[in-house]
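The next block holds one structure in the form of structure tokens; read it before the comments.
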Amino acid sequence: MFDIIKKIKSDKFLSNSFIFFVGGFLVSLGSYLFQFLMVRLLSVESYGELQSLLAVSVIFGIPIAALSTVLIKYTARFKAKGENGKLHSLFSLFTNRMILAISIFSVIFFAFSGLVADFLKLNSVWPVIILGLTFIPTLLSSINRAVIQGLEKFTSISIIGLVEVIVRILLAFILVKIGLAVNGAIGAIALAGLVGYFFTFLPLKFLFSKDKKKEPIETKEIIKYLPPVFFSLLFLTLFYNIDIVLVKHFLPAYEAGQYGALALIGHIIFFITGPIVAVMFPMTSAAHANNANPSKIFKKTIALAALIGSAVLLIYFLLPELVIKILVGSKFLPLAGLLGWFSLAMFLYSLIIIFSQYFLSIHKTRVFYFLGSGVLLQTIFIAVWHQNLGQIVWAMNVAMLLTLGLLLVYYERVRKLENYV
């Protein structure tokens, strides 16, 4: 045991992974407590509405994720090279641009809120309007969080996430209990996000010192990097959200609610492995910037994620009824036969995320072509085969497996070109 602890401390990737894994696990646990609370307090139909709205929020949040990825990469690069003045310039540039983006995005989203409500077959437009409000704190804090992660301040980012999720759970319980239902659940997310935003300034106090001098940065390179990152994250996000939206569109409300619960349990796999990927990205970016070998960190990430994901997957296949009873309740027991297979799709998806983030971190941006092909296949499969939930689950697995195969081929090509061992 002492030898294991010593090895973790001496390996920067493993120590950072451990810190962020623990923090990420607690945040993910809090997020799931929020979901478990909602699945029990809301009706099956209302929970299906909540899941479809959250899926829409993730899809509309893709530009935020793209900007964050760019910020993490260049923050890690400037930190690795000791270019603190450029780091300050990067933070200021993106913060100023974000204020304009918030104004434009809010007007567009609220203008089309009625169409979103109609597509999701909601009885009221208010849940969509409240959903739009959640983007304001998300957009504001995305810059701060990305810089914190790029600086590898994983303890700070974990604490901020934990505070936010605790506030979200408490507010959601109160607001849903007083009768606000889906509106209350979405409103709690918006308010908690605002609290989290204020906490993000604490680890970044050094950027606001009066003696901090700015240095010019090459904005053309950053802008050129942004589009492929955007499309890569767009396709990654669609991979695990478009199925929920399509199920809500094609199937009755009750079945959509059942699928929402299935997705809730299955998504645990890549939420658990997510912190490991978050540690990998700035570290492989820094290694690539310093002409080191990022492939070593990537291999450790794959091995660790596969170990953790396989353990969860084994439990889902062997004890599906027990897992469903504990996590979402006995009313969802008919899903037991699908849990293991849906979770397999999510396990494959977690590996897809690792490959794609690795390629983006070392500036191999053509990865979005492979991701786009996979999403197109998944959408076609579900559009054709959606008579029942079983068909949709199998469509997910086939699409994920084909995409992972493409990424493996691309990885081998990149490895040979870069002469990585």
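The values are calculated or read from the model by the stated rules, or taken from the named source; none is laboratory data. All of these numbers come straight from a predicted model, not from anything done at the bench. Cβ sites come from the backbone with ideal geometry, for glycine too, and all protein chains shown count toward neighbours.
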Open item on the list: Quick check on region 44-66. Is at least one of its residues touching a residue at least 40 places away in the same chain (Cβ under 8 Å), touching a Pro at 6+ places or on another chain (Cβ under 8 Å), of a type outside the set (A, V, I, L, M) and on the phi < 0 side of the Ramachandran plot?
Closed with: yes
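Counting only residues that are of a type in the set (D, E, K, R) and in contact with a Leu (Cβ under 8 Å, 6 or more places away or on another chain), which one in region 48-102 is surrounded by the fewest Cβ atoms within 10 Å (Cβ to Cβ)? Before you say what the answer is, go through the steps one by one.
Going residue by residue through region 48-102, those that are of a type in the set (D, E, K, R) are 49, 73, 77, 79, 81, 83, 86, 97.
Applying the additional criterion that residues be in contact with a Leu (Cβ under 8 Å, 6 or more places away or on another chain) yields 49, 73, 79.
Details: Glu49: 27, Lys73: 26, Lys79: 20.
It comes out as Lys79.
Being among the small types (Gly, Ala, Ser) and part of a helix (DSSP H, G or I) is the filter here, so list the residues in region 91-146 that pass it. Please lay out each step first, then the result.
Let us first name the residues in region 91-146 that are among the small types (Gly, Ala, Ser), namely 92, 101, 103, 106, 111, 113-114, 117, 124, 132, 141-142, 146.
Passing the criteria: Ser92, Ala101, Ser103, Ser106, Ala111, Ser113, Gly114, Ala117, Gly132, Ser141, Ser142, Ala146.
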Open item on the list: Looking at region 309-323, I want the residues that are among the polar types (S, T, N, Q) and have a partner that is part of a helix (DSSP H, G or I) with Cβ atoms under 9 Å, at least 6 apart or on another chain. Which pairs are those?
Closed with: Ser310/Phe347
Task: Residue selected from region 299-321 under the condition under 19 Å from Ala263 (Cβ atoms) and not aliphatic (A, V, I, L, M), by the criterion farthest from the chain's Cα centre (by Cα) - done: Glu321
Open item on the list: Which numbered condition in (1) part of a loop (DSSP other than H, G, I, E, B); (2) among the hydrophobic types (A, V, I, L, M, F, W, C); (3) out of contact with any helix residue (DSSP H, G or I) (no Cβ under 8 Å at 6 or more places or on another chain) is the only one that Ile223 fails?
Closed with: (1)
TODO: Scan region 234-259 for residues that are polar (S, T, N, Q) and under 17 Å from Val398 (Cα atoms) and jot them down.
DONE: Asn241
TODO: Evaluate region 19-36: report whether one residue or more is assigned to a helix (DSSP H, G or I), under 15 Å from the mean Cα position of the chain (by Cα) and among the polar types (S, T, N, Q).
DONE: yes
- [ ] Please verify whether region 160-179 includes one or more residues that are crowded, with 18+ Cβ neighbours inside 10 Å, small (Gly, Ala, Ser), in contact (Cβ under 8 Å) with a residue 60 or more places away in the chain and over 29 Å from Leu251 (Cβ atoms).
- [x] yes
TODO: Could you figure out which of (1) within 17 Å of Val56 (Cα to Cα); (2) crowded, with 20+ Cβ neighbours inside 10 Å; (3) at pLDDT below 85 isn't true of Lys121?
DONE: (2)
Task: Lone qualifier among Ile302, Ile315, Ile324 - being at pLDDT 85 or above and either closer than 30 Å to Arg415 by Cβ or outside any helix (DSSP H, G or I) (or both) - done: Ile302
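Residues checked against (1) among the charged types (D, E, K, R); (2) under 17 Å from the mean Cα position of the chain (by Cα); (3) at pLDDT below 85:
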{"position": "Ala146", "(1), (2), (3)": "no, yes, no"}
{"position": "Glu152", "(1), (2), (3)": "yes, no, yes"}
{"position": "Val165", "(1), (2), (3)": "no, yes, no"}
{"position": "Ala188", "(1), (2), (3)": "no, no, no"}
{"position": "Leu194", "(1), (2), (3)": "no, no, no"}
{"position": "Ser209", "(1), (2), (3)": "no, no, yes"}
{"position": "Lys212", "(1), (2), (3)": "yes, no, yes"}
{"position": "Lys220", "(1), (2), (3)": "yes, no, yes"}
{"position": "Ser232", "(1), (2), (3)": "no, yes, no"}
Task: Matching residues, region 140-157, being of a type in the set (Gly, Ala, Ser) and either surrounded by fewer than 20 Cβ atoms within 10 Å (Cβ to Cβ) or within 30 Å of Ala117 (Cα to Cα) (or both) - done: Ser141, Ser142, Ser156
